[in-house]
Amino acid sequence: MLLLDPKTLQPKEDQRIVIYDVTWEEYEKLSDTFVDSFPRMTYLAGTLEIVMTTSPENERLKKIIARLLEAYAEEKNINLNGYGNTTFRNQAAKKGAEPDECYCIGELNEVPDIAIEIVITSGGIDKLKVYQGLGVKEVWFWENKQFTFHYLPQPDSNYIKSTRSLLLPDLDPVLLSSFVEETNQTQAVKKYRQALQRQ
């Protein structure tokens, strides 16, 4: 009898395909039809990227970052409201995306203020162009064990790279990053809260 280790069956990277010359109508239909079948779809003016499966590492990272960021908001008494990985679309701009995690500061809006992307494998679509068309004010990328921040000063401008969040200027990205690789998420959140309280 052949015995397989479940860990060897899990993808180490996100499995994705890119399709070109997709109309907006086709994208909408696919997105609506397969809303529960594929983890994520990103659309940019005729190019559709479909993430068929996300890796366990992607899911782990987005979960711990969400938990840490939410703990930060609670400690600092910031009204932070999340959408998770909801689909956002703008037909006029011909752009659509499903961030790994996203949040509004204050009340929920039609689009999030902050979109968070976990980068384990590079995709075929420029996510910043997509988020610019959606009007997302800030995009955070977690890649190579660190955050990079991109701020949109005006809806019709380009993103500006920053060393920290402009929407959450008191958030220390180095301190936050130091807890992301913790294997015990609950302990990581507890330690992060303690570090915030000492500040």
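The values are calculated or read from the model by the stated rules, or taken from the named source; none is laboratory data. All values derive from a computational prediction rather than experimental measurement. Glycine also receives a Cβ, built like all others from the backbone with ideal geometry; neighbour counts cover every protein chain displayed.
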Condition set in contact (Cβ under 8 Å) with a residue 24 or more places away in the chain and among the polar types (S, T, N, Q), scope the range 158-179, selection farthest from Asp126 (Cα to Cα): answer is Ser177
Every listed condition ((1) more than 17 Å from Tyr103 (Cβ to Cβ); (2) out of contact with any strand residue (DSSP E or B) (no Cβ under 7 Å at 6 or more places or on another chain); (3) at pLDDT 95 or above; (4) not aromatic (Phe, Trp, Tyr)) holds for Pro169 save (1)
Restricting the range 150-199 to residues that are part of a loop (DSSP other than H, G, I, E, B) and of a type in the set (Val, Ile, Thr), the residue that is nearest to Glu138 (Cα to Cα): Thr163
Tell me, which residue of the range 38-56 that is of a type in the set (S, T, N, Q) and either within 17 Å of Pro99 (Cβ to Cβ) or in contact with a Cys (Cβ under 9 Å, 6 or more places away or on another chain) (or both) is modelled with the highest pLDDT? Thr42
Among the residues of the range 11-37 satisfying the criterion of being surrounded by fewer than 18 Cβ atoms within 10 Å (Cβ to Cβ) and at pLDDT below 80, which is nearest to Asn90 (Cα to Cα)? Val35
Can you find even one residue in the range 96-104 that is crowded, with 18+ Cβ neighbours inside 10 Å, under 17 Å from the mean Cα position of the chain (by Cα) and of a type in the set (Gly, Ala, Ser)? yes
Of the residues in the range 109-136, those that are within 24 Å of Leu176 (Cα to Cα), surrounded by fewer than 22 Cβ atoms within 10 Å (Cβ to Cβ) and out of contact with any helix residue (DSSP H, G or I) (no Cβ under 8 Å at 6 or more places or on another chain) number 6
